[in-house]
Each structure stands twice: as structure tokens, then as C-alpha cells.
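This report concerns only the one structure given below.
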Amino acid sequence: MTDPRKPVVRSGIRPSQTLSPIDATSAVVAFLAAWFVAQVLSVIVLSISGETGGTDTPIGVLAVALAATWFAYIAGMWTVSERSGTADPVNDFGISMLPIDAIGFGIGVLAQLVVIRLVYLPLENLWPTVFGDDELKRNAEGLVDRAGGLMTVLLFVLVVLGAPVVEELFYRGLLQRSLLARFNDTFVVVGVAALFALIHFRPVEYPGLFAFGLILGLCAQITGRLGMSITAHIGFNLTGLILVL
């Protein structure tokens, strides 16, 4: 008899493309609950500090708010793994890395330098005041301008290490990996990429984030692991920060 708590392997694909034993419904509920709690915690942190989370919020305050958000994400994933998975997050969410995943870093760099530019080129020609280069860099430049000394180091840790790891765990590890066991691969990868873009709440960046979300989703879907999508995310964010320094 098949153990329902063991990873699911679909016929016709490579053994490495193991799907999460966490059912889609549990994953979606955990995702939504964790995201909601994360927003509440973030608001509490900003309220206590007297900040609004706007473009003038100090890096230190943003770091604490992000830490609270990521704590909610990880706690939600840990809980659903214990209750609906194998109680082994490494297995449930595909947390593994192989030497070949280093290719992901180059994929991320090329995505930032080439893919994003190609996505915005026609948009900039049609709506130059909306999708111009200055508008696209405004958020990143604002972060860099508010950093300095140790805060610059903290900014790099948050953007280049923290965000890629936690976001890939949450979007591709929890949500996409579980949904792939139930729904069409293309539908899932596109849907999660769209959600990934929308939840960043920066409309001017939606086209680029969606395109990059597709790349990250494909990295995770093809390999069956998070290693390559994490390194791609790191390369993408690092290149983006360097471009505005």
C-alpha cells in the first residue's frame, strides 16, 4: 500500500521532480493564513516604530518588519508540514541544492539585464512616463539612498539573501510545489508567477516581476527542487542592487 505521507512522483517525469505530499487545499490555506498574519505583524512593527512603511522608512525598521513577515511565512510552512506533510520540511518543500543549481545565478543575472529590459522596452515606448527607467529604479534607489555603513550591509543581507530564500520557500516551495500535484503545470507556474508579482504591490514592476516569476517557477518545476530558483533569485536581486549603487 502506498504511504500517503511520502512524496508523490508522477509517471513520465524524472524522479527528481518529486511533488510535495502536502495537498493543494492545505497548502493554499497555509499560504493565505501565513500571508495574513505576516501583514498584521508588519503593521504592528511599523505602528510601534511610528512609521508607515513608505519610502522614508528607515532600513532598520524595514528589516524588523520583514523579519516579522518572514517569521509568519516560515511558521505557517512548518505548521502545515507537521500537520499535512511528512513533518520533514526539506522533503515537503523540495529544499535541496546541487552543484548544477549554480547555473541559476547566471539565469538571474541575465533575467535582470536582458529579460527585464526586453519586457519593458515596448512598454516604455508606449508609456514612457509610467514605465521609464527612472520609475523602475525608484524603489531600489530609495532603499540604497536610505542605507549607509552597516545599514548597507543589512540591506544586502535582506535583499540578496533573505528575500530570495524565504520567497522561494513560500511561493515555489509551499504553494507551487503542492499545486503541481493537482493542477496543470503551465496553469500553476503562470498563476503563482502572477501572484508573486501582485503581492509585491508595486504596479510599475508587475510586468517584470511576472516575467521573472515565470523563470523562477520553471526552475523549480523542471528540477523538482528549490536550489536553482533560489540561486536565480539571488543573482537577480544582487544585480538589481548593483545597478542602482
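Before moving on, here are some points about what is shown:
- ³J(HN,Hα), Karplus 6.51/-1.76/1.60, whole Hz, each residue of the range 140-145, x for Gly, Pro: 5, 5, x, 5, 5, 5
- Using the Cβ-Cβ distance between residue 32 and residue 114 with R0 = 45 Å, the FRET efficiency computed as 1/(1 + (r/R0)^6) comes to roughly 0.85.
- Cα long-axis angle, helix 185-198 against the chain (0 to 90 degrees, to the nearest 10): 30 degrees
- Computed FRET value (nearest 0.05) for residue 186 with residue 206, which takes r as the C-beta separation and R₀ as 22 Å: 0.65
- When the helices of the chain are scored as -39500 (n - 2.57) per DSSP H run of n ≥ 4 and the total is divided over every residue, the value at 222 nm lands at -20000 deg cm²/dmol.
- Mean-position separation - Cα centroids, the range 194-227 and the range 26-98, in angstrom: 18 Å
- Dipole moment magnitude, nearest 20 debye, the chain about Cα centre, only Lys, Arg, Asp, Glu C-beta charged: 640 debye
- Over the range 126-242, equivalent-ellipsoid semi-axes from the Cα gyration tensor in Å: 27, 19, 10
- Dividing the radius of gyration of the alpha carbons in the chain by their Kirkwood radius gives 0.98 for Rg/Rh.
- Principal-axis tilt of helix 206-223 within the chain, Cα atoms, nearest 10 degrees: 30 degrees
Read the figures in this text as sums done on the coordinates, not as results from a lab. In this text the structure is predicted, and so the values were computed from the model without any measurement. Because the Cβ atoms are built from the backbone with ideal geometry, glycine has one as well, and the counts that use them run over all protein chains shown.
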